[in-house]
Amino acid sequence: MELQDRGSMKWVSLMLPEHVEKLRDVFVERKVKPLLDEQKMNEMDRVLKEALLYGKVIQMTYYTDGEFARVEGVLARIDQRKGFILLCDEVGTEIPLGELIDVQMVDLA
């Protein structure tokens, strides 16, 4: 007969609820950066170039520190040599091109 270990569950009953909550905050699961196919990269490239040319507002999703971040704004420039996108905002947000996951036009209606 094989024993089935309950893992960390056997220790939870010995811990205060505050400690369990703190441990959950510390051990947050990191998300994995998805791999983009060529079609998705071409579509994002087209949207970025159109937004830069016509000054349109776009919404970008990018990967940073194990999380997905979303930012909205107007592009100032795309620097392919240095590999980043610069937004027209008060802080001059830079987003690495290699970390982009999705780019969409924002309809301002």
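The values are calculated or read from the model by the stated rules, or taken from the named source; none is laboratory data. The model shown is predicted, which means the values in this text are computed figures rather than measured ones. Please note: Cβ atoms are built from the backbone with ideal geometry, for glycine as well, and neighbour counts cover all protein chains shown.
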Qualifying position, being at pLDDT below 90, of a type in the set (Gly, Ala, Ser) and either more than 15 Å from Ile95 (Cα to Cα) or out of contact with any Asp or Glu (no Cβ under 8 Å at 6 or more places or on another chain) (or both), among Gly66, Gly55: Gly66
Residues of segment 78-87 classified as surrounded by 13 or more Cβ atoms within 10 Å (Cβ to Cβ), in contact (Cβ under 8 Å) with a residue 12 or more places away in the chain and farther than 30 Å from Glu29 by Cβ, total: 1
Residue tally, condition exposed (fewer than 11 other Cβ atoms within 10 Å of the Cβ), among the charged types (D, E, K, R), more than 18 Å from the chain's Cα centre (by Cα) and in a loop (DSSP other than H, G, I, E, B), over segment 27-77: 0
Any pair with Cβ under 9 angstrom, 6 or more apart, that starts in segment 45-63 at a residue that is within 18 Å of Lys33 (Cβ to Cβ) and ends at one that is assigned to a loop (DSSP other than H, G, I, E, B) and basic (Lys, Arg): Tyr63/Lys31; Tyr63/Lys33
Residue satisfying all of: in segment 1-35; modelled with pLDDT under 70 and among the basic types (Lys, Arg); farthest from Ile101 (Cα to Cα) among these: Lys10
